[in-house]
Amino acid sequence: MPHVILPRIGTDRAWREAARACLAARLAPERVTWSLGEAEDLLFDDDEVPPAPRPGTVRAPAAFVELAAQAVWHRDPERFARLYGLLWRLRLHPRLMDDPADAAVAQLIRMARAVRRDIHRLHAFVRFREVGDRTAPRRRFAAWIEPQHLTLEPAAPFFARRFADMDWLIATPDLVACFEDGVLRFEEGASRPELAEDEADALWRTYFAAIFNPARVNRRRMLAEMPRRWWAQMPEAAAIPDLLRKAEAAARTMAEAPPREPPLYARALARRAEAAPPRPHPPGPASVLAGDLAACRACPLWEGATQPVPGEGPPDAPLMLVGEQPEDRDDLTGRPFAGPAGDLLLRLLAEAGIDRAQVYLTHAVKHFNYMTKGRQRLARSPGGAEIAACRPWLLRELELVRPRLIVALGATAAAALTGRAEGILRRRGGIEAGPEGLPVLLTLHPGHLLRLPDPVAAEMETEALRRDLITARRHLEGMAAGSGGDADASPSAEANAPRRAGGSAAPRGSRGRVPDPRPPQPEPGRSSPASIPPSRQGHAPSVPPRGVCGG
Amino acid sequence: MARTLHQKLQILAEAARHDASCASSGGQGRDARKGEPGHTTGSGICHAFTPDGRCISLLKVLMTNFCIFDCAYCPSRLSADTPRARLAPEEVVQLTIEFYRRNMIEGLFLSSGIIRSPDDTMQDMIRILRILREREGFRGYIHLKVIPGASAGLIEEAGLLADRLSVNVELPTEAGLARLAPRKDAQDIRRQMATIRLRTEAAQERSPTGRRPPPFAPAGQSTQVIVGADGAADAEILRMSEQLYAGYRLRRVYYSAYVPVPGASDRLPPRPPPLLREHRLYQADWLLRHYGFTAEEVLPAGDLDPDLDPKTAWALRHRHLFPVDVRRAGREMLLRVPGFGTRTVDRILSARRHRALRWEDLRHMGAVLGRAAPFVEAEDWHPRGLLEAEGLRDRLAPPPQQLSLF
């Protein structure tokens, strides 16, 4: 009966080699015995030495190979036989590894876990002491540790990666790992070397005692995570009994310390801090609103948001685009239309021949309303209460910018500007009267287009939004070209014009381009601005036109 | 009188110990290079445990405990009459390197009181990180506490040097912050978190030529919230955590039970909340991150039940969804069974392809059967009347602790 003697160094590779040979020779588990020897070479203590199989002839599931590579370092003398027994069964039941309820698999999984934990503790609890000259180009350190299993060999590469620029030696009763000039080698085990304390040990103990909070003693937890068997080589362990003894008294002193008068310097510093001016708001048009907006608590949306997102654009923009509410990215950056919907809108603006720099972009609701789904924030349309609560801010923006045309993107903006959210699909493309009779061109929100599952529908809707933006441009150009030229474009805009300094006379809509003299073309199949019946334009917005913009 | 390095370390580590976050996990794997010590493994290592059962993974220390802010709960607040110290940049660097070389730590967790101004303080901290990374070539883990009020530009600089950044929300409600930490601005704190998220995401995008930009805070960001110092209920705290995880992709929210600090301010409760509350919050937080629960489901209002873990409490409120058949139920529902962890669920899903699972199989796969029994059905097990039993809650709650003699 073959008896396999495995070497102490490179045990994992040797076991694998022997197991392959035995399996190829069809040796049943009960016909092989295994042990760990002294020698470095794999031995078969019998004359029935099975020949090494050709590569690729012996197969095992990857999960088994991984399991064996760990469990082989366990101190259980039966580990080699257990592994071979499982390997033998895997020939006929290759899926056995997926069944953690199988007793043999479960046992080896437990052993592998014990080995992993032991390796992890080696990584954690080794404490080096300096044994060489501190100023040498390659510093030298040494450590002693007694692991539970034969884990120094699998644990050592970690230290080689971490401490590649120094020489070190880790001694255990079973094995010594030695790393010199970048080369890792192993030797037979040693007895405990004398390693003198160095100054870092004392500093470490100071740190260990200081970072411990005596008000939260939890001795059991400490012992579970750092069992006593590891304490021998840890310089901080010596401090533990004393810390525990004094903890209760220390916690009491902390808790019962009476409130003391602040030191003198504290009062002086506090006065100076109070005298310091508050931090100025960042420059830009948004800053006009930003300060007050940040303090807005008119609805609960502020609670979940990063920050309010005020509008952005020149203070005299002839065109104002009003979206629904900040997108995820708007909320993070504090800028409107900073996310995917904004990207789409800016692209369409450019395609419609509208210069972004001449447009004031804002949202009807200034805080991001969302629901969480795992790590995502999904936008949720604001409700009537939130729209109403945020409306004064929109009106302030209208008052500050006084655009000649507003484009309402989506139902929320329509609700905020015209008082009605319903029927946006029927109303889109039309111009209605907004606050103070300002003309409001209704259309859909670019974010809506991004959510359409059907690419054809999305493309059609994108085209429709582009046309609406072109309509907006032409409308403005019509207004800029002169009040007589485009009488039916928007009576309310005309009514509005004289309010503005320089109103309709200034070629503001041209934005440096040659104005398009053509009147807006009615789009087939949709209501054009010209087709809005006067009665609908006169449809009063829910807010009285008087006083909302003028304060 | 000049303080020795021992004294400074003692003062500044004591001042840092109230920060609960200690992890060094979640980083990118990175090896030491020629002449540059240190590597991070991605999973983090606890090198020691103090008698409070907490792990030491990093040298957690303040740069200084001088502070111009006066946050009531903080031992380093301006008005506290406490010994003050400041570590020179070189001292922080030497402590980090020497502890690291002896395998005592994974790296540095640097925080600080605020001196002169938030930006000045942040700049001083960045200088320390620069020496460590650039002169010493230190490749271990660095966690930097972002100073409240520090500008976005400095956060961007810090993220290129640190593995993890964290901005503390400190208190779950704005009202609490206004009362106890009047100079901290809740909105500003969230804006800093947003900056970190945006920068992190930008660093993950390849350029058109396929080059990766330098990593930015590769171990992500975390935060800490103090529990029990203001009146916030657990439900509010969990809702806040949920928002922070989704909004800023935080890796962790750390809950730190308020500890009465020496000479505590009269704006604070005189007694700490029970540590159990902190424990329950961590359990509930785990449900948010790994078990597919929403904050609303875990706890619609009020405080967590101290006698029951949050998942068992949820299951008792939703008995109509049980028993769950371990032979058939989907992953989502298995995760909701009390006593089943994510690993147990993975094993169940794997093992049941081979056999009809029995009671004994569940034990092998790591389920806590005492808790799971009323809620599961297996090949040879049905809870029968157990699930509807009157005394089920008492059965699952631990026996009341005997009052100690006083």
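As a check on your grasp of the helix formula, calculate [θ] at 222 nm for the protein assembly as shown: sum -39500 (n - 2.57) over DSSP H runs of n ≥ 4, divide by the residue count, round to the nearest 500.
Estimated from H runs of four or more residues: -11500 deg cm²/dmol.
For region B:374-389, just list the computed ³J(HN,Hα) in residue order, Karplus coefficients 6.51, -1.76 and 1.60, θ = phi - 60°, integers in Hz, with x standing in for Gly and Pro.
Going residue by residue, I get x, 10, 10, 10, 9, 3, 10, 9, 9, x, 6, x, 4, 5, 8, 4 Hz, with x marking Gly and Pro.
Could you tell me the calculated FRET efficiency between A:Asp133 and B:Glu134, based on Cβ-Cβ distance and R0 = 30 angstrom, to the nearest 0.05?
E between A:Asp133 and B:Glu134, to the nearest 0.05, is 0.75.
If amide hydrogens are placed 1.01 Å from N in the peptide plane, which non-local residues have theirs closer than 5 Å to the one on A:Val359?
Result for A:Val359 returns nothing.
Can you tell me the FRET efficiency between A:Tyr265 and A:Arg297 if r is taken as the Cβ-Cβ distance and R0 is 41 Å, rounded to the nearest 0.05?
Values: r = 36 Å, r/R0 = 0.89.
Calculated value: 0.65.
Could you work out how far apart the two model spin labels at A:Arg380 and B:Glu201 are, taking each label as a point 7 Å from the Cα in the direction of the beta carbon, and quote it in nm?
2.0 nm
Once all Cα-Cα distances of region A:419-471 are split into 5 Å bins that start at 0, what whole-number percent is in each one?
5, 19, 26, 24, 15, 7, 4, 1
With +1 on each Lys and Arg Cβ and -1 on each Asp and Glu Cβ, how big is the dipole of the protein assembly as shown about its Cα centre, in debye rounded to the nearest 20?
Rounded to the nearest 20 debye, it is 820 debye.
What aspartates and glutamates sit close enough to B:Lys60 to cross-link, taking a C-alpha to C-alpha distance under 15 Å and skipping anything fewer than 8 places away on the same chain?
Leaving aside aspartates and glutamates fewer than 8 places away in the same chain, those within reach of B:Lys60 are B:Glu14, B:Asp19, B:Glu91, B:Glu98, B:Glu106, B:Asp163.
Going by amide H atoms built from the backbone, whose H comes under 5 Å of the H on A:Leu441, apart from near neighbours?
A:Ile406, A:Val407, A:Ala408, A:Glu432
Multiplying the sequence separation of A:Val65 and A:Glu78 by 0.36 nm and subtracting their Cα-Cα distance, what value in nm do you get? Mind dumping the intermediate values first?
On the way: separation 13, 0.36 × 13 = 4.68 nm, distance 1.76 nm.
Roughly 2.9 nm would be gained on extension.
Going by amide H atoms built from the backbone, whose H comes under 5 Å of the H on B:Asp325, apart from near neighbours?
Counting only residues 5 or more places away or on other chains, the set is B:Glu377.
Provide the per-residue ³J(HN,Hα) series for region A:192-202, in order, calculated from phi with Karplus coefficients 6.51, -1.76, 1.60 and θ = phi - 60°, each as a whole number of Hz, with x at glycine and proline positions.
My calculation for region A:192-202 gives 5, x, 7, 10, 6, 4, 10, 5, 5, 4, 5 Hz in order.
Checking the cross-link filter: which aspartates and glutamates have an alpha carbon closer than 14 Å to that of A:Lys366, excluding same-chain neighbours under 8 positions apart?
Output for A:Lys366: A:Asp292, A:Glu303, A:Glu312, A:Glu324, A:Glu327, A:Asp328, A:Asp330, A:Asp331, A:Glu386, A:Glu397.
Considering only Cα-Cα distances, which of the following residue pairs are longer than 24 Å: B:Lys184/B:Lys311; B:Lys8/B:Lys184; A:Lys246/B:Lys184; B:Lys8/B:Lys145; A:Lys246/B:Lys145?
Pairs exceeding the cut-off: B:Lys184/B:Lys311; B:Lys8/B:Lys184; A:Lys246/B:Lys184; A:Lys246/B:Lys145.
Enumerate the residues in region B:330-360 having an amide nitrogen under 17 Å from the point lying 7 Å beyond the Cα of B:Glu379 toward its Cβ.
B:347-360
Values in this text are rule-based calculations from the coordinates and carry no lab data. Worth saying up front: this structure is predicted, and the values here are computed from it rather than measured. Here the Cβ is made from the backbone with ideal geometry for all residues, glycine too, and neighbour counts use every protein chain on show.
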